[in-house]
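**Student:** Quick one: structure below, then a few questions.
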Amino acid sequence: MKDIVNIGLIGFGTIGSGVVETLNRNLDLLENKVNKKVKLKKVVDLDIKTDRGVVISPGILSTDIDDILEDPDIDIVIELIGGYQPALKFILRAMENGKHVVTANKALIAKHWDELMISAQRNHVRICFEASVGGGIPLLQPLNECLAANHLESIYGIINGTANYILTKMSEESRNFEDVLKEAQEKGYAESDPTFDIEGDDSAQKLIILTIIGFGIYVKQEHFHVEGISHITQEDISFAKNELNSCIKLLAISKLVDGNLEIRVHPTIVPMDHLLSSVNGVFNGVYLVGDIVGPVMMYGPGAGMLPTASAVVGDCIDIIENREKPVLYGPAETSVRKISNINDLKSKYYLRLLTEDKPGVLHEISGILSEYNISIGSMIQKQENEGIPIFLVTHTALEMEMRAAVEKIDQLDCIKDKTIFIRVL
Ligand code: HSE
């Protein structure tokens, strides 16, 4: 093994600059730990002119990807350009050329798991992606190693900071969704096109990765239910807070129920006495239960320049220390048979209905719920100008029956807007 380890960094954006800054600040620490010299040999980006606010020797900047991929001295390639292509092409070429890979690219890992793991195995290199889920929170490595003695029972994650920031602000400042989203965009917390974060796709990709590591089962996004938070109103948040002593969180959930895997992303009413209720703002938290350890909660910054760089550089240290270790992951079991359909979910539900103010409305609604075996736990009706909002919480019901009941309720003449239902943890 060489006494010097050379790193090539592809992508000099926010996280890339964080990696450079981390190495500038803490290289001594890192070198002492691995007992080798570590050198950032090349940084490749299409734009090497913009000042990134970090100290870097101009000589290591390049726009030519071959300066990393074809340099036999480079041992570890860090990919931080994101997206599917050319990231996939670069990573595969790096591995074919015998280089270990570190990436934060959750979209790529979630979509191309088998191809990437097979290539790593074939080329006897490692691919590490701790930064792809939960930013700076140590999640994948602890799940794969420290918790390896457990059969995992469940994973509940708040793994999108943007959605969590919006829900937190809506709750703390009694503001509506659009208002908070606009502010989050102005402050740079939310993208100008926030769809990916607020509609649950980002959480879904991260959940796919958590589920492979935690349960060894690979589920494509099209095979599970993914629902975002754009339909959540201030009324829902207030009802959860004031009537149920709860909050609303966008949860990514994977759990075993009767031997089948339930996997889903959706807003969820979480009681204030659950640890996840304390995960606020842009922070992320993952609560999991193992059969030996019991409940474990991991919490921290789920995004950002330095927190994400911390995970990326941590992966580099792991690779340098454990280079001879066999490849950690292989192609995962892809089994649709074992995946529960959302229709089979059993849950309590909160419903928000907007109805006309006339006799018999409640009778009609409760009649339909009862037709679908749905029992009402509590109900509040409010007098307002534009129709009457009714808030219901049901006892445990079957999702298939809940959906059918809501579809039928929404066809009633007295219903003035689409009924919203939110699952209760
Ligand atoms: N967009 C993500 C979030 C961060 O809001 O949490 C990157 O994974």
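**Student:** Any residue in the stretch 361-381 that is outside any helix (DSSP H, G or I) sitting within a Cβ distance under 6 Å of a residue that is open to solvent by 80 Å² or more (accessible area, probe 1.4 Å)? List the pairs, counting only those 6 or more apart or interchain.
**Tutor:** From residues that are outside any helix (DSSP H, G or I), the pairs are S375/H395; G377/H395.
**Student:** Let me ask something else. Does any residue of the stretch 246-264 turn out to be part of a helix (DSSP H, G or I), more than 29 Å from T308 (Cα to Cα), assigned by TED's automatic domain parsing to the domain that holds S154 and more than 17 Å from the chain's Cα centre (by Cα)? Outline the logic, then answer.
**Tutor:** Here is the first cut: in the stretch 246-264, the ones part of a helix (DSSP H, G or I) are none.
No; the residues of the stretch 246-264 include none that is part of a helix (DSSP H, G or I), more than 29 Å from T308 (Cα to Cα), assigned by TED's automatic domain parsing to the domain that holds S154 and more than 17 Å from the chain's Cα centre (by Cα).
**Student:** Any idea which of I137, I198 is within 12 Å of the ligand (Cβ to nearest atom), in contact (Cβ under 8 Å) with a residue 60 or more places away in the chain and of a type in the set (V, I, T)? It would help to see each step written out before you state the result.
**Tutor:** Working: I198 fails: in contact (Cβ under 8 Å) with a residue 60 or more places away in the chain.
One residue alone meets the criteria, I137.
**Student:** Let me ask something else about it. Quickly run through the stretch 251-273 and pick out the residues that are within 22 Å of V133 (Cα to Cα) and open to solvent by 40 Å² or more (accessible area, probe 1.4 Å).
**Tutor:** So the first thing to find is which residues in the stretch 251-273 are within 22 Å of V133 (Cα to Cα), and the list is 251-256, 261-268, 270.
Across the stretch 251-273, the qualifying residues are K255, L256.
**Student:** Hey, another quick one. Can you name the residue in the stretch 161-189 that is open to solvent by less than 10 Å² (accessible area, probe 1.4 Å) and in contact with a helix residue (DSSP H, G or I) (Cβ under 7 Å, 6 or more places away or on another chain) and is also farthest from the ligand (Cβ to nearest atom) among such residues?
**Tutor:** M170
**Student:** Hey, does the stretch 262-277 have a residue that's modelled with pLDDT under 95 and of a type in the set (G, A, S)?
**Tutor:** Within the stretch 262-277, the first condition is being modelled with pLDDT under 95, and the residues that meet it are none.
There is no residue in the stretch 262-277 that is modelled with pLDDT under 95 and of a type in the set (G, A, S).
**Student:** Sticking with this one: What are the residues in the stretch 140-160 that are within 22 Å of E321 (Cβ to Cβ) and either within 12 Å of the ligand (Cβ to nearest atom) or within 17 Å of the chain's Cα centre (by Cα) (or both), if any?
**Tutor:** Hits for the stretch 140-160 are L140, Q141, P142, L143.
**Student:** Conditions first: (1) more than 10 Å from the ligand (Cβ to nearest atom); (2) open to solvent by 20 Å² or more (accessible area, probe 1.4 Å); (3) over 22 Å from N260 (Cβ atoms); (4) not β-branched (V, I, T). K220 passes all but one, so which condition is the exception?
**Tutor:** Here K220 clears every test but (3).
**Student:** Can you say whether E399 is modelled with pLDDT of 95 or more, within 20 Å of D236 (Cα to Cα) and among the charged types (D, E, K, R), as far as the supplied structure shows?
**Tutor:** Working: modelled with pLDDT of 95 or more: yes; within 20 Å of D236 (Cα to Cα): yes; among the charged types (D, E, K, R): yes.
Considered against the rule, which asks whether it is modelled with pLDDT of 95 or more, within 20 Å of D236 (Cα to Cα) and among the charged types (D, E, K, R), E399 comes out as yes.
**Student:** Moving to a separate point now. Any idea how many residues of the stretch 265-300 are out of contact with any helix residue (DSSP H, G or I) (no Cβ under 6 Å at 6 or more places or on another chain) and over 23 Å from M170 (Cα atoms)?
**Tutor:** 10
**Student:** Moving to a separate point now. Under 6 Å between Cβ atoms, which residue pairs at least 6 apart in sequence (or on different chains) link something in the stretch 264-293 that is without any contact (Cβ under 8 Å) to a residue 40 or more places away in the chain with a partner that is in a strand (DSSP E or B) and loosely packed, with under 15 Cβ neighbours inside 10 Å?
**Tutor:** Listed pairs, sorted by first residue: L275/M297.
**Student:** Shifting gears a bit: Filter the stretch 104-119 down to the residues that are within 15 Å of G216 (Cα to Cα) and open to solvent by less than 10 Å² (accessible area, probe 1.4 Å) and list them by number.
**Tutor:** If the condition is that a residue be within 15 Å of G216 (Cα to Cα) and open to solvent by less than 10 Å² (accessible area, probe 1.4 Å), then I109, A110, W113, M117 are the ones that fit.
**Student:** Please work out if I248 is crowded, with 22+ Cβ neighbours inside 10 Å, within 12 Å of the ligand (Cβ to nearest atom) and among the aliphatic types (A, V, I, L, M).
**Tutor:** Details: crowded, with 22+ Cβ neighbours inside 10 Å: yes; within 12 Å of the ligand (Cβ to nearest atom): no; among the aliphatic types (A, V, I, L, M): yes.
No: the conditions fail for I248.
**Student:** In the stretch 406-423, which residues are over 24 Å from L345 (Cα atoms) and of a type in the set (A, V, I, L, M)?
**Tutor:** Residues satisfying the conditions are L412, I415.
**Student:** Would you confirm whether or not the stretch 70-80 contains a residue that is surrounded by fewer than 20 Cβ atoms within 10 Å (Cβ to Cβ) and of a type in the set (A, V, I, L, M)?
**Tutor:** To start, the set of residues in the stretch 70-80 that are surrounded by fewer than 20 Cβ atoms within 10 Å (Cβ to Cβ) comprises 70-73.
When the remaining residues are screened for being of a type in the set (A, V, I, L, M), the result is none.
No, that holds for no residue.
**Student:** Test H225 against the criterion of being touching a strand residue (DSSP E or B) at 6+ places or on another chain (Cβ under 6 Å) and at negative phi, and give yes or no. Give the steps one after another, and end with the answer.
**Tutor:** On the way: touching a strand residue (DSSP E or B) at 6+ places or on another chain (Cβ under 6 Å): yes; at negative phi: yes.
Yes, satisfied.
The values are calculated or read from the model by the stated rules, or taken from the named source; none is laboratory data. Being a predicted model, the structure only gives us computed values, none of them experimental. Quick reminder, even Gly has a Cβ in these numbers, built from the backbone with ideal geometry, and neighbours come from all protein chains shown. Quick note on the areas: whole protein, heavy atoms, side chains included, nothing else; ligands and nucleic acids left out. Shrake-Rupley method; radii C 1.70, N 1.55, O 1.52, S 1.80 Å.
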